[in-house]
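The values are calculated or read from the model by the stated rules, or taken from the named source; none is laboratory data. Just so we're clear, the structure is a prediction, and the values are computed from it rather than from any experiment. Glycine gets a Cβ as well: all are built from the backbone with ideal geometry, and neighbour counts include every protein chain shown. Note: areas computed on protein heavy atoms with side chains; ligands, DNA, RNA excluded. Shrake-Rupley method; radii C 1.70, N 1.55, O 1.52, S 1.80 Å.
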Amino acid sequence: MNTPTALPDAKRVGMVSLGCPKALVDSERILTRLRADGYAMSPDYSGADVVLVNTCGFLDSAKEESLAAIGEAIAENGRVIVTGCMGEEADAIRAAHPQVLAVTGAHQYEQVVEAVHTHAPPSQGPFVDLIPQPDIKLTPRHYGYLKISEGCNHSCAFCIIPQLRGKLASRRIDAVLREAEKLVAAGTKELLVISQDTSAYGVDTRHEAREWKGREVRAHMTDLARELGQLRNADGAPPWVRLHYVYPYPHVDQVIPLMAEGLLIPYLDIPFQHAAPSVLKRMKRPANEAKVLARLKSWRDICPEIAIRSSFVVGFPGETEEDFEYLLDWLEEAQLDRVGAFRFEPVEGAAANDLSDPVPEAVKEERYARLMEVTERISTAKLSAKVGRTLPVIIDEVGEPEADDWGDVSIGATGRSEADAPEIDGAVHLRDVPASLAPGDIVDVRVEDADAHDLFGVIAG
């Protein structure tokens, strides 16, 4: 009788994923492919046969963070493969860290997998596991990112995304919907739609239509949003569908009624970047700020609950004090719900580097502080107005039972309202939740208090 041959242990891959949610989706796809090839995942450096570092190369500060992460992985493990946006600067990476095994660029999945096969050949042959495995997710089970396209057709002066990720390349609408359906069936309660320019989805394919569920559906943001709103979880409830990176093209107006109908959660992430016409012109972005204010008002008339988040750049070359005051006045009128701000930072290869009249660093800091003071005041007022209301909240984390000085035990939890995207917006902190509460549960919360960024409350009823 022959003795069965023991299968060798699977080679293990570690992953460090930096940058935006779009890069996180790339990391998930790389790891899913590697697991299909027989690799196991390692949660730490010591257990990995090779470590992947998915880098960000958008700003110099992000490049420094990426180089530091590569250095840490080399120090802790020694066998490192680099991919992602900074992978386009292979010479700079190898100059800083000549020990790296391989360098590939953004969303170059085949090259990354090939590099792993070369430097850590899979130890298990084919057909080891005939049961299909679900895709790897690096986010919690209850929310997931749905990337609908790659690249961008804009030529903003401060940005090098087209150089890093190419021109707009939209995914087929049926492929996107099939992925969304799989995510929801696997327990995803919140879909976060991402791309470089969500509003431009399908422009490159002339909004090609595909058959889905017996009907023709176009590769267009409004068609996609409407179809995503038809999805249902196992309990029959619709998932939250949240739109990110939405440029305010005219057809965005058609999405707002879908929010009012409940097909999408009332939230838009719009990268305005500035409001002063002269700065927008130097940025090579549309300068129609007055029309935007009118549209914001009309959106709120249609869907009063809509939350608008955006980001702004202060200290762009040529930005005068008058330009900055214009931006502050615009923000006072726009009354955006969530605002992020960035000090302008030169990016190698960006057209803005050649512009005249750079803003001194001290002035950037002073303007940044003033902008944040204005937006924090607006946020405080908006959140304070929610005190006493009951809002739906998705739970992200449930704490451990804690006893107070009198021996009474309570459990707290943290979640988000429809106005809060994970990791970039605020949170809702709950007291005295039941022990049965779990991440992904959506509960009605009575708001008891608020500060500049977060809400505090208790489960209603």
Q. What FRET efficiency do you get for Glu345 and Met41 if R0 is 45 Å and r is their Cβ-Cβ distance, rounded to the nearest 0.05?
A. 0.85
Q) Label His119 and Ala68 with points 7 Å out from Cα along Cα→Cβ: what is the distance between them in nm? A) 2.2
Q) Roughly how many whole Å is it from the C-alpha centroid of segment 144-187 to that of segment 338-376? A) 28
Q | Label-point separation, Lys386 to Arg215 (7 Å along Cα→Cβ), nm | A | 3.3
Q.
Can you give the local net charge around Gly349? Use residues other than it whose beta-carbon is closer than 10 angstrom to its beta-carbon, Lys and Arg +1, Asp and Glu -1.
A. -3
Q.
Under 26 Å between alpha carbons, and skipping anything fewer than 8 positions from Lys11 in its own chain: which lysines qualify?
A. Lys137
Q: Write down the accessible area per residue of segment 307-424 in Å², having rolled a 1.4 Å probe over the full set of protein chains.
A: 50
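Mind checking the full-extension length gain between Ser155 and Ala260? Use 0.36 nm per residue of separation minus the Cα-Cα distance, one decimal, nm.
Using 0.36 nm per residue and subtracting the Cα-Cα distance, I get 34.5 nm.
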Q. Say each of Asp357 and Glu110 gets a label point 7 Å from the Cα, pointing the same way as Cα to Cβ; how far apart are those two points in nm?
A. 4.8
**Q.** Carbon/sulfur fraction of accessible area - the chain, other protein chains in place, 1.4 Å, %
**A.** 53
Q | Protection proxy ranking, peptides 79-89, 265-275, average beta carbon neighbours within 10 Å, highest first | A | 79-89, 265-275
Q: Quote to one decimal, in nm, the extra length available between Glu325 and Arg431 on full extension: 0.36 nm per residue of separation minus the C-alpha distance between them.
A: 34.0 nm
Q. Is any residue of segment 349-369 close enough, with backbone N under 17 Å, to a label point placed 7 angstrom from the Cα of Asp60 along the Cα-Cβ axis, and if so, which?
A. 349-365
Q: Grab every C-alpha pair in segment 266-391, bin the distances at 5 angstrom width from 0 up to the longest one, and report whole percents.
A: 2, 10, 20, 23, 19, 12, 8, 4, 2, 1, 0
**Q.** Surrounding net charge for Val53, when Lys and Arg each add one and Asp and Glu each subtract one, Cβ distance under 11 Å
**A.** -2
Q: Along each of the three principal axes of the Cα atoms of segment 237-331, give the extent in whole Å, ordering the values from largest to smallest.
A: 50, 22, 20
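Starting from 0.36 nm per residue, how many nanometres of slack lie between Lys291 and Asp253 once their C-alpha separation is accounted for?
Between Lys291 and Asp253, full extension yields an extra 12.4 nm.
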Q: Take every Cα-Cα distance within segment 304-344, group them into 10 Å bins from 0 onward, and report for each bin the whole-number percent of pairs it holds.
A: 25, 52, 19, 4
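Compute and list, largest first, the equivalent-ellipsoid semi-axes of the chain from the alpha carbon gyration tensor, each √(5λ) rounded to a whole angstrom.
Square roots of five times the eigenvalues give 36, 30, 24 Å.
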Q: Pairs to check: Lys147/Lys291; Lys147/Lys189; Lys147/Lys182; Lys281/Lys364; Lys297/Lys364; Lys189/Lys213. Give those whose C-alpha atoms are more than 24 Å from each other in this structure.
A: Lys147/Lys291; Lys297/Lys364
**Q.** Debye log10 I(q)/I(0) for segment 320-453, one point scatterer per Cα, at q = 0.14, 0.16, 0.17, 0.20 Å⁻¹
**A.** -0.79, -0.91, -0.96, -1.15
Q) Which order do peptides 292-303, 196-207 fall in by mean Cβ count within 10 Å, highest first? A) 196-207, 292-303
Q: Express the accessible area of segment 199-246 per residue in Å², computed with a 1.4 Å probe while the remaining protein chains stay in the model.
A: 46
